[in-house]
1. For the pair Glu46 and Glu26, what calculated FRET efficiency results from E = 1/(1 + (r/R0)^6), where r is the Cβ-Cβ distance and R0 = 30 Å, to the nearest 0.05?
2. Net charge around Met424, counting only other residues with Cβ within less than 14 Å of its Cβ (Lys, Arg = +1; Asp, Glu = -1)?
3. Which value in nm describes the separation of the simple spin-label points at Arg415 and His301, placed 7 Å from the Cα toward the beta carbon?
4. Evaluate the charge dipole of the chain about its Cα centre and quote only its size in Debye, nearest 20, assuming +1 on the Cβ of each Lys and Arg and -1 on the Cβ of each Asp and Glu.
5. Treat every Asp and Glu Cβ in segment 79-208 as -1 and every Lys and Arg Cβ as +1, leave all other atoms uncharged, and give the resulting dipole magnitude about the Cα centre to the nearest 20 debye.
6. Given labels modelled 7 Å from the Cα in the Cβ direction, how far is it in nm from Lys329 to Thr263?
7. So what does the Cα-only Debye profile of segment 137-215 read at q = 0.15, 0.24, 0.27 Å⁻¹, as log10 I(q)/I(0), no solvent term?
8. Computed over the Cα atoms, what is the radius of gyration of segment 174-246 divided by 2.2 N^0.38 Å, N being its residue count?
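Read-outs: derived from the displayed coordinates by stated rules, not from any lab. Just so it is clear, the structure is predicted and the values come from calculations on it, not from any experiment. As a convention, Cβ positions derive from the backbone with ideal geometry for all residues, glycine included, and neighbour counts pool all protein chains shown.
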Amino acid sequence: MSYVDEVLERVKAKNASEPEFLQAVEEVLESLKPAIEANEEKYRKEALLERLTEPDRQFKFRVPWVDDKGQVQVNTGYRIQFNNAIGPYKGGLRLHPSVNTGIIKFLGFEQIFKNSLTGLPIGGGKGGADFDPKGKSDREVMAFCQSFMTELSKYIGADTDVPAGDIGTGAREIGYMFGQYKKIKGVYEGVLTGKGLSYGGSLVRTEATGYGLLYITEELMKCHGESMEGKTVVISGAGNVAIYATQKAQQMGAKVVTCSDSTGWIYDPEGIDVALLKEVKEVKRARLTEYANARKSAEYHEGRGVWSVKCDIALPCATQNELFIDDAKQLVANGCKAVCEGANMPTTIDATKYLQENGVWFIGGKAANAGGVATSALEMSQNSERLSWTFEEVDSKLKQIMVNIYHTIDDAAKRYGQEGNYVMGANIAGFEKVAEAMLLQGVV
Ligand code: NDP
Ligand code: 2IT
């Protein structure tokens, strides 16, 4: 049996109750096969893949807090420190009722390769809690964040592990967490990214994941003799990534006609009104029905349906496993040319294969959404030198990073005779740097 198959079998037996983690590992290891086979004996002896799929450590802790009625609530908090071969652990904090050990583990695993692709010195980590910020008052969110950080502060630090935002964790939550960290530790350091601009945040970090997604999509189109101008784009989600992806796509001359949340979706043939979407989601924290109520051209539909709309480009920006094989078939039938993932693992493995086999240019999340964490690393740099850079400076660095990622993954795929397989290219290029660093640092 090949080394990859052997390790896959062991990982499956050991983590049977963590389907998302197994999905992420299978996707990566299968596509690493050509790179592993070229060094099979050495990697097997070094147990490189066993080490890569076993996190350095995982924390799981109780988060008690008091709600507005005086009732004590209890959530479960998580932090996984997966791999720090190339830099301090880095990755977001997800606050969503679905959060469990396997979801945090898949996200932490993905983060290793994504962070490596940025070319910046950051390792892989992730965290979060099964807390649902929806419908909670600001005071309740603060109470939760303070309790969460009281425990998390024991494990993180500006040079060890630097969390950030993810689903459910935005500027408000990062602010409360930063305040609590500072109070407990008495240290003013860049222990979190995505901070407010008045206390060490970086310009462009809010926009970075969505903007970065469009920078790499634009480069993909350009390298195939196309542009964003006049293209019809469908986007899922209505959060941080979706909003700024929509904004940048429109700045590039494309028309974005959909968005969605966990209850329904919008079809707006005149193009999504970003200012209105921001008002509904960032200010009012309301449902998409409010968007439809305020805009004549918009249709609201319950449930899912974004991928049924005819488009040139599809950008899934909500969550894992939101684009299935039937959606892939519909996209292909409708003539979609490119799918680039703003979310982490939104496309199932069979849907990804179907898209690739039917000539759709497909860039997975590890490459396509790396702009967020890359700009987090730029925030860390600014904190270290106690300076802040202008919007233009950070934005141009972000753009350069995304263009570089495109060419890095394109080249890696070509090196292994798989031109156009950007999934393989991303996994191999991300892996190569981490593997080399691990081998040079010995058995640790
Ligand atoms: P937000 O919390 O800002 O927005 C998430 C959006 O996705 C919301 O519209 C939400 O709807 C929807 N959504 C979340 N969970 C589900 C679900 N189970 N079913 C249907 N819809 C859902 O998160 P972000 O925009 O920050 O994150 C979106 C994705 O991008 C995630 O996969 C995240 O891991 C990834 N990502 C984020 C980065 C960042 O910098 N923020 C960086 C790289 C990747 P509702 O409000 O109804 O729940
Ligand atoms: O999935 C991701 O890359 C993020 N949520 C951003 C992580 C970060 O540290 O900025």
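1. It comes to 0.90.
2. Local charge sum for Met424: -4.
3. So the label points at Arg415 and His301 sit 4.3 nm apart.
4. Numbers: 51 positive and 59 negative charges, 225 e Å.
Approximately 1080 debye in magnitude.
5. On the way: 16 positive and 12 negative charges, 24 e Å.
That gives a dipole near 120 debye.
6. According to this spin-label approximation, the distance is 3.1 nm.
7. -0.52, -1.18, -1.39
8. Computed over Cα atoms of segment 174-246, the ratio equals 1.55.
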